[in-house]
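Take a look at the structure below.
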Amino acid sequence: MLPPAASPARQAVRAVVLTAGARPGLRALLDALAASATRPDSVVVLDTSSEEGAAEVVAAASSRTFAVEHVSLDSRMPDRAAVTHWLTTGDVPDDDLVWLLPVGCVPEPGTLGRLLAAHRRSPSVGLVGPKHVDATQPGTLRSVGITTTRSGRVVEDPPLGEPDQGQYDLRRDVIAVPLAGMLASAGALRSLGGWERSFGDLGGDLDLGWRAQLSGHRVVVAPDARLRSVAALGL
């Protein structure tokens, strides 16, 4: 009699919070992670400020069941560069999944679980992003992935201020997803070399998604995973 097949190893999920000091919204983001229906296995706060306020917020949010690590980086390092530096220098296995969350966004309780379901749906999925809704008016859409014309012009789709009535909930494959809320394996981000800094924020996200697809990774959006975000983070 053959022994039962071994179940695949579970990938650890690391939530990566990006902040420059004790910015407004840091504690709200940490509280949302603690209240998530599917909790990340670990939380690390990448702090690109020389101030001590963020460390105090992290210490206040930590508990026996919800540990948060605080990592200080060079002052004024952009978020994308901070993630690339952390992946390059930190002890993060390639199989671990990283969930990128700049301060200014707040995930709903079911967001992580739905992103994980979308990532695990197919081995070809490389990058997964949530639906972005307005931080103060969560019934209003900000973005459902990033879409472009054939010539590369970014399309405002959905239009700014459009109500979220589920009209984009069948959308799956997209050219790119914003950094905010993205879920990807550490190995995939390492193999892509991170974001191209000279392209700026939106251009860097587009370039990463394009290169991911050229490398054989699908880039998908999970519309049932909602992230409440301020204007600068939706795109």
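Bear in mind these aren't lab numbers, they're just calculated from the coordinates by the rules spelled out. Just so it is clear, the model here is predicted, and its values are computed rather than measured. Here the Cβ is made from the backbone with ideal geometry for all residues, glycine too, and neighbour counts use every protein chain on show.
Observations on the structure shown:
- Choice from V43, V155, V17 showing the highest fluctuation, given a GNM over the chain with Cα pairs closer than 10 Å: V155
- Inter-site label distance for L214 and T136 at 7 Å from Cα along Cβ, in nm: 4.1
- Distance between the pseudo-spin-label points of V154 and A232 (7 Å out from Cα toward the beta carbon): 1.4 nm.
- When only alpha carbons are used to place a centre, the stretch 46-125 and the stretch 143-191 end up 20 Å from one another.
- Top of P40, P130, P78 by mean-square fluctuation, Gaussian network on the chain, Cα under 10 Å: P78
- Computed about the Cα centre, the dipole magnitude for the stretch 13-234 is approximately 520 debye when only Lys and Arg (+1) and Asp and Glu (-1) carry charge, each at its Cβ.
- Pairs of C-alpha atoms in the stretch 6-94 farther apart than 23 Å represent 25 percent of all such pairs.
- Mean Cα-pair separation over length for the stretch 13-234, i.e. relative contact order, pairs under 8 Å, 6 or more apart, %: 25
- Highest mobility in the GNM of the chain, judged by mean-square fluctuation with C-alpha springs under 10 Å and restricted to V221, V98, V58, is found for V58.
- Exposure proxy shown here: for H119, H70, the number of other Cβ atoms within 10 Å sets the order, fewest to most, as H70, H119.
- Ratio of Rg to Rh for the stretch 49-101: 0.98 [Cα atoms; Kirkwood radius as inverse mean 1/r over pairs].
- Applying Stokes-Einstein at 20 °C and 1.002 mPa s to the Kirkwood radius of the stretch 121-173, computed over alpha-carbon pairs, gives a translational diffusion coefficient of 173 µm² s⁻¹.
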